[in-house]
Amino acid sequence: MSNIPTIAPERLPELLRAIPKAELHMHIEGSLEPELIFALAQRNGVSMPYASVEALRQAYAFTNLQSFLDIYYAGASVLLKEQDFYDMAWAYLERAKADNVVHTEMFFDPQTHTARGVPVKTVIEGLHRACVDAQAKLGVSASLILCFLRHLSEEEAFATLEEALPFRDRFIGVGLDSSELGHPPEKFARVFARCRELGLHLVAHAGEEGPPAYVWSALDVLKVERIDHGVQAAKDPALMKRLAQERIPLTVCPLSNLKLCVFPDLAQHNIKALLDAGLVATINSDDPAYFGGYMNENWLQTFAATGLTAHHAWQLAANSFEASFIDAAAKKAYRERLDAAFDAFA
Ligand code: HPA
Ligand code: ZN
């Protein structure tokens, strides 16, 4: 959109809530609210090492990625049945709808569940049924991206892929998450090459806590189409230039970065620098139940802290559609909805 209407600063929050957007970096297990964790624990007879919802929430004081992951995997231990996966995804999709998220590509971590004896089929079928209902009942388009846990071996990733392949039509791509430091992308070179042959979309977490070198190898070795996080790329001017030139999207998660101490405060987040350098940066919630907010909360707090403008808002939403794995016609239709939302504010 060439002429973004001038919008009074006091109307910016209203605009941010109203604009249609895509969410491309959200771990469905990270949308599990403490209340649902306790309800599922009771339903499934799973004991939790926390006495109450409040005690669990109080444990959400993270110092880095690993301190979060330890609690995140404990929370996911209450998920056993297909209906549990459905209920978790449905709760997220209703919140996404409320935030005007019109398209979402949700990560899931099968190995977190298969390690507890839950079949991949149970995980995928429950999540997929919620995606189908989201389109039919909420008008939200939703798809799934299977993530390999990078603290496990590449052999285990291959075994997970094999187990998931009977459900190949239920997920659009693969990603790489969990503990970044010490587990560079190249550890998964062969399994990503296989996924590429299978026609799956490829993404990877890189440059969250890890160095720019991990972003380079995610691109050059894994051949990913998007980088999840990627904020450490700002330390490497040659990498910044490449990301901008090749229009490789970064799925940035500001509240996650704040809660995991990647930036000391939101005002020092580099999202504005990334956008102003011409990168296809987007804003996403990562693990909204753990990091203090869903999509709009990430947008609102980031805009308030960093001084992003209505122009940036348009760019971020346009980037989210450009970066998504939907076809060109769907991208065009969403862009038109985005422009119409801005026109309504003029
Ligand atoms: N980083 C790595 N792994 C994750 C994250 C994250 O932010 N959230 C859930 N798994
Ligand atoms: Zn993530």
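If a paramagnetic tag sat 7 Å from the Cα of Q268 along the Cα-Cβ line, which residues of the stretch 287-321 would have the backbone N under 16 Å from that point?
305-306
Short version: ³J(HN,Hα) in whole Hz for each residue of the stretch 135-141, in order, from phi by Karplus 6.51 cos²θ - 1.76 cosθ + 1.60 (θ = phi - 60°), x for Gly and Pro, what are they?
Result, ordered by residue: 5, 6, 9, 10, x, 9, 8 Hz.
How many angstrom separate the Cα center of the stretch 122-200 from the Cα center of the stretch 39-79?
23
Expected output is a single nm value to one decimal: the length gained when fully extending between K241 and D276, i.e. 0.36 nm times separation in residues minus the C-alpha distance. What is it? Working shown, then result.
Values: separation 35, 0.36 × 35 = 12.60 nm, distance 1.22 nm.
In short, 11.4 nm is gained.
When the chain is treated as a GNM, springs tying every alpha-carbon pair under 10 Å, which of V203, V102, V46 comes out with the largest mean-square fluctuation?
Greatest mean-square fluctuation among the candidates belongs to V46.
Using Cα springs under 10 Å in a Gaussian network model of the chain, which residue among Q58, Q245, Q232 shows the largest mean-square fluctuation?
Greatest mean-square fluctuation among the candidates belongs to Q58.
Out of all DSSP beta bridges in the stretch 133-257, what portion is antiparallel? Express it as a percent rounded to 5.
The antiparallel fraction comes to roughly 0 percent.
Rg and Dmax in Å for the stretch 113-237, alpha carbons only: what are they?
15.3, 45
From the residues I7, T114, M88, which one has its Cα farthest along the dipole of the chain in the positive direction, the dipole being from +1 and -1 charges on Cβ of Lys/Arg and Asp/Glu about the Cα centre?
Value: I7.
For M106, enumerate residues with amide H under 5 Å from its amide H, sequence gap 5+ or separate chain, H modeled in the peptide plane.
Counting only residues 5 or more places away or on other chains, the set is S143, L144, I145.
Can you give the percent of C-alpha pairs in the stretch 9-343 whose distance is more than 33 Å? Don't jump to the answer; show the numbers that get you there.
Working: 11161 of 55945 pairs.
Tail of the P(r) past 33 Å holds 20 percent of the pairs.
Along Cα→Cβ, 7 Å out, is where each label goes; now give me the distance between the ones at Q135 and A115 in nm to one decimal.
With each label placed 7 Å out from Cα toward Cβ, I get 3.3 nm.
Using the 10 angstrom Cβ neighbour count as an exposure proxy, how do D99, D327 rank, fewest first?
Values: D99 20, D327 9.
Result, fewest neighbours first: D327, D99.
Expected output is a single nm value to one decimal: the length gained when fully extending between D339 and R168, i.e. 0.36 nm times separation in residues minus the C-alpha distance. What is it?
Details: separation 171, 0.36 × 171 = 61.56 nm, distance 3.48 nm.
Additional length available on full extension: 58.1 nm.
Could you size up the charge dipole of the chain around its Cα centre, putting +1 on the beta carbon of Lys and Arg and -1 on that of Asp and Glu, and report it in debye to the nearest 20?
500
Cut-off under 20 Å on the C-alpha distance; same-chain residues fewer than 8 positions from K21 excluded. Which lysines are left, in chain and number order?
The reachable lysines, counting only those whose Cα sits under 20 Å from K21, are K97, K137, K272, K331, K332.
Relative contact order (percent) for the stretch 9-343, with alpha-carbon contacts under 8 angstrom and 6 or more residues of separation? Working shown, then result.
Values: 573 pairs, mean separation 68.3, N = 335.
Once divided by the residue count of the stretch 9-343, the mean separation gives 20 percent.
Give me the extension gain from A328 to A55: residue separation times 0.36 nm, minus the current Cα-Cα distance, reported in nm with one decimal.
Working: separation 273, 0.36 × 273 = 98.28 nm, distance 4.68 nm.
The A328-A55 span can extend by a further 93.6 nm.
Quick check on the chain: helices-only [θ] at 222 nm, where DSSP H runs of length 4 and up contribute -39,500 (n - 2.57) each and the sum goes over total residues. Nearest 500, please. Write down the numbers at each step before the final one.
Working: 17 runs with 165 residues, N = 346.
Mean residue ellipticity, 222 nm, calculated: -14000 deg cm²/dmol.
Beyond 22 Å, how much of the Cα-Cα pair distribution for the stretch 58-188 remains, as a whole percent?
Numbers: 3463 of 8515 pairs.
Tail of P(r) above 22 Å: 41 percent of Cα pairs.
Given labels modelled 7 Å from the Cα in the Cβ direction, how far is it in nm from T63 to L198?
That separation, rounded to one decimal, is 3.8 nm.
Could you please report the charge total around L202, scoring K, R as +1 and D, E as -1 over all other residues with beta-carbon less than 9 angstrom from its beta-carbon? Don't skip to the end; give the middle numbers.
Details: positive: R196, K223, R226; negative: E225.
Cβ neighbours under 9 Å give a net charge of +2.
How do 328-339, 142-153 rank on mean C-beta neighbours within 10 Å, highest first? Intermediate results must be reported in sequence, preceding the final value.
Values: 328-339: 14.6, 142-153: 21.9.
Listed from highest to lowest mean packing, they are 142-153, 328-339.
Can you list, bin by bin at 10 Å, the percent of alpha carbon pairs in the stretch 271-318, starting at 0?
Using 10 Å bins, I get a P(r) of 26, 55, 19, 0 for the stretch 271-318.
Any read-out appearing in this document is the output of simple, stated calculations on the displayed coordinates, not a laboratory observation. Predicted model, so just to flag it, every value in this text is computed and none were measured. Note that each Cβ is placed from the backbone with ideal geometry, even for glycine, and that neighbours are counted across all protein chains shown.
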